[in-house]
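The values are calculated or read from the model by the stated rules, or taken from the named source; none is laboratory data. Small disclaimer: the values here were computed from a predicted structure and weren't measured. The accessibility values were calculated without ligands, DNA or RNA, using every heavy atom of the protein model including side chains. Shrake-Rupley method; radii C 1.70, N 1.55, O 1.52, S 1.80 Å.
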Amino acid sequence: MGTPLNLRTGLEGSQAQEAGRPKCHSLHLGILSFIVLVLVFFCYGFLSHRIQVLGNSAGETCMAIRHLDVQEVITVSRVAYPQPKVLTPTRRDVLVFTPWLAPIIWEGTFNIDILNEQFRLRNTTIGLTVFAIKKYVVFLKLFLETAEQHFMVGHKVIYYVFTDRPADVPQVALGAGRQLVVLTVRNYTRWQDVSMHRMEMISRFSEQRFLHEVDYLVCGDVDMKFSDHVGVEILSSLFGTLHPGFYGSSREAFTYERRPQSQAYIPRDEGDFYYAGGFFGGSVLEVHRLTKACHEAMVEDQANGIEAVWHDESHLNKYLLHHKPTKVLSPEYVWDQKLLGWPSIMKKLRYVAVPKNHQAIRN
Ligand code: UDP
Ligand code: MN
């Protein structure tokens, strides 16, 4: 906004001084205003929030203009909704902010109408990545059908299905503004390798296409179904989800990688939360950074003959300890009802495990 004004002032200044002044003086001023113009042009490029530079594995860079930050202030219309009450906390039973002031997303803490308007005005597009390798293709139908009912309804969505069995991807009727892209990828023999290599593939495809196609990425396990609303309240530069098995635990009890030889190592006196490997996301830029870093850490571990105790989840936890997420999702967003029932603090169960026979499905 300030840029055109500065440019115009500079030109007018040099033009005004042209009349009745010695030639060399006006030449100097001409060069000066040219330098100012060039500087302003470059500064604008650097400061523009919409332009980002993404380093790829070859060390080259590519420019993208899709990133939109949730912190931008945008104009919303007059909408009737309940007034926020300063003296009436929305939740008294759970933590609603991290110590670094990232919101923790629980039912009751947000007004979805306000958020939907904000994200619609930005014409936000959300990519949902899911891996269905080998026998896990059987989970796709329920995953996609329930996502159609509950995931980002009213917004633009692209499902990215990574699979080695493209012919087994089911036909699911998609709502307006929603697309499905099948990405054929290789498989691995060990289920641990299938799980871990998700980081590599998300990272690679972020550079190749996600950056140009969507604003945010949400990365989920496929052996799950959506059972209640999951919407734009989750979107932020970088988010992780509280693992349903550990939200009440102290940090010493978290199943972090405890061997210092691993890149995922976290000492017993460190750690904020234990995040679930099965649901995380953020802007394409931040998800690219996260997945690339986790993949590189796993490559290093492999070279050192060590594999983190919970695979990609261990590396995700290490990354999110040192790169604090800008939103944290409550366990409403990753739940296992068979294992954990339905405690009263969970007002909604939104994304829940589909029971599976581990042995049968993994072999
Ligand atoms: N996965 C897959 N095929 C496999 C193993 C894993 O597609 O043979 C993917 C799938 O998306 C799955 C995720 O990796 O949801 C993580 O594995 P899993 O769900 O078995 O781990 P858990 O949730 O049981 O820890
Ligand atoms: Mn799973």
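Tabulated values for the structure
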{"item": "Alpha-carbon centroid distance for the pair segment 109-184 / segment 267-309, whole angstrom", "result": "24 Å"}
{"item": "Portion, in percent, of the accessible area of segment 281-327 that falls on carbon or sulfur, probe 1.4 Å", "result": "52 percent"}
{"item": "Square roots of five times the Cα gyration tensor eigenvalues for segment 225-269, Å", "result": "28, 14, 10"}
{"item": "Length added when fully stretched, Val354-Asp168, from 0.36 nm per residue minus Cα-Cα", "result": "65.1 nm"}
{"item": "Two-decimal log10 I(q)/I(0) for segment 121-229, as the Debye equation yields it once each C-alpha is a single scatterer, q = 0.22 Å⁻¹", "result": "-1.30"}
{"item": "Along each principal axis, Cα extent of segment 191-302, largest first, Å", "result": "40, 35, 26"}
{"item": "23 Å Cα-Cα reach of Lys338 towards lysines, excluding residues that sit fewer than 8 places from it in its own chain", "result": "Lys135, Lys141, Lys225, Lys347, Lys348, Lys356"}
{"item": "Compactness of segment 82-155 - radius of gyration and Dmax, Cα, Å", "result": "17.1, 53"}
{"item": "Viscosity 0.692 mPa s, temperature 37 °C, Stokes-Einstein D of segment 287-337 from Kirkwood C-alpha radius, µm²/s", "result": "267 µm²/s"}
